[in-house]
1. Label-to-label distances across copies for residue A:208, with labels 7 Å out along Cα→Cβ, in nm, shortest first?
2. To check my understanding: the extent here is largest minus smallest coordinate of the Cα atoms along each principal axis. What are those three numbers for segment A:225-307, in Å, largest first?
3. Please report the residue of chain A with the smallest beta-carbon distance to the A-to-B rotation axis, and give that distance in Å, no decimals.
4. Determine the percent antiparallel among the DSSP beta bridges restricted to segment B:80-214, to the nearest 5.
5. What angle, in degrees between 0 and 90 and rounded to the nearest 10, separates the Cα long axis of helix A:195-206 from the longest principal axis of the Cα atoms of chain A?
6. By how many nm would the segment from residue A:158 to residue A:386 lengthen if fully extended, with 0.36 nm per residue of separation less the alpha-carbon distance?
7. Assuming R0 = 60 Å, can you tell me the calculated FRET efficiency for the pair residue A:145 and residue A:248, based on Cβ-Cβ distance, to the nearest 0.05?
8. Please report A:433, A:150, B:227, A:182 as a ranked list, fewest other C-beta atoms within 10 angstrom at the top and most at the bottom.
């Protein structure tokens, strides 16, 4: 019998995004017979419509923005530097294709059976797949019924707009549209200042567009530490991005005109004014794909749009697990992968610690970058924790001065009673890489004193974390 | 009595480099009355003739080298990019001045008394300082005799040449000369492929010079893991740097001519040939400044040119400590600072762990960068350790592809018996920052499994470490 002709599996993973394929690969590494069902392309939102293409564009934008410093760094440019957005878009797509191709080869390497089609639960241990045809035509390949001892649901999420505000792909767009386009607008209004909103606001500004950023809440990146929000808003404003917090407008009243969009926006309680731009980007969050996957044939529970799970990603139905954006929370690709790994080990009967969301890093790729692990200062206050806090500005870090990019700081929050580390918050150069240290620290329960006693290489940007940790006890060297 | 008029201190630190000032600041933070004696400028080799000015030049060189990728990234340059080395040198000096000024203000902030002059022990608890005059003229300020309960020696090191090869500052130069110069040679022979040698070789190549790198040993960066040495040599060679390992030549026979230098070099056992270049850079290590500091008035022991200390930096003379380049070993600024902190706590009677050299990160800022913590594979073999090894190439890391810089890899060495992490070796983009995670891991005794279970942000370069750690047990996701 040819590989793939059996329909009986130890584990069927429904959804081939980062969480899904991590679960499938690890499950197979642990000895399970695994099928991975995906209706679109393996890699999911992150690879095809999220992290990867966005960061590719941001990398190009930062490349361009940094050229303004050429003379300072001792490089003479005899002519002008201009943005070739079509090439940026081509490179974005090349990066995605290259990684997609790598991923496809990993399916075979990990002995996972890839089933191209739309899967749906028919009771806990059965997944009916409407197969793609040979030409990848959805539904043209007939059907296949998979039997599974365990199922992991990983169907992800989709962009969500505001009531009355409908994307038309031209004037009112979502990140999906931006990541397909090969041209950029000269002016843009970004609605929503979460990770996606600030990344695009920052990127378009770097590329020379006129950018307005609207946020309903009183702070941009509202889930981050308030000092980080403040620092980022200051930086955006200084660079020339118009930031409106507590922004109020009627989504249904956004007017689409020939040359752009027009809306009337005011800060809460303040005077409203007319805003115009070539495009409006809706970056108001994502909705989990809980529909049309057969949850109603199981005891899986959905709460506020997300599948309910425990810390080992078990749903209310035995042998059915859910991971990734489907379970809400941070909705981050690396957390989805971690959840997938925890679920795979649990299914394979290999003991593993449940997932600790306070040890999950968050990373936002605006300029300056934002990254964090654990509790914010405002969360500590809400929980009534007594804190001691150390802050190290990047302008006191030699490597940041050398790099010419020294906005921001590292902030370490310690518990004044237990001595534990409660949170690490970074805003500044390369912090989406630097946060990995804090993530390992969180997993191992490292105290500020231990982080401080780890020798940080000199000169490096990582020194900011070490010095902030020292500053928790008033014992920093370089500040 | 004015501050500074008393000559009696709890702690006198002799030498104001990074180790010295870290010891002085921390000592004062712990309640000690501290004097810091420095004959030159606070900041020492690292700030004035080492890490900082070097990295500033390297940053400029990488800025220039990266412009070759402009078109790929979607940036059109209408003209030519050229190197303005004089401006690179000005920026280098500005960076140094800025950090120097910051450091000077930290002396006052930390209530440390700064004594400008040349200090010398007169027995264990006495330091005679020949003071600078008001115009910073050495010796013009008379003398001052300091009494100290404890003394920390931190007089650092100086560049060392080969027998018969004398720097003339023009044709035969050292890093000291390069870091003062405001022009660069069109061609250069670099002698010695340790950290300093490969950094300058890489930098000059990036700036367009013709570079030959000579190394006596069979590998460049010979103290690093052999796979790292190999990868770096491959990268250098591919870029067009001529690398000669097992290089043999007579240092005394180097000919200085009107337009450059000429020497006859051959690989060991191979045929020798004539090499010519505008300059020859001697990067063959550093000698500790053990002379003329009065060691003979104490029981301090010197062995092979370095002061002998225990893991709390105690010399053989009670109450006399030594740190930094003076004690040899890694001769790195951040290790000197760590040693200074350990010594300060010990003197203040605050219990602290002794220094663990296997937890000290090493960082080299060539392109690609090199960084490591712990044992190399060859050291593991020499100690008879059974290992299991995981490797993650950066070309499988999304963020590296996005950055367009994906040479190199992360290599994690685990102990097959104990399960401990023995070493982490990185070569590739931004690894001098990424190594901080491994450094914290080493301090806390993190196993490869724990490093793997720490969630690494996606997409980030730090994923390389997480995946290499997973690969130790054959369980990586992305390779």
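Values in this text are rule-based calculations from the coordinates and carry no lab data. For clarity, every value in this text was computed on a predicted model and none was experimentally measured. Using ideal geometry, Cβ is built from the backbone for each residue, glycine included, and neighbour counts are taken over all protein chains shown.
1. Nearest first, the other copies' label points are 2.6 nm away.
2. Principal-axis extents of the Cα atoms in segment A:225-307, largest first: 52, 40, 25 Å.
3. A:79, 1
4. Working: 10 of 15 bridges.
In segment B:80-214, DSSP labels about 65 percent of beta bridges as antiparallel.
5. 50 degrees
6. Details: separation 228, 0.36 × 228 = 82.08 nm, distance 3.91 nm.
Stretched fully, the residue A:158-residue A:386 segment lengthens by 78.2 nm.
7. Details: r = 51 Å, r/R0 = 0.85.
The calculated FRET efficiency here is 0.70.
8. Values: A:433 28, A:150 24, B:227 17, A:182 12.
Lowest count first: A:182, B:227, A:150, A:433.
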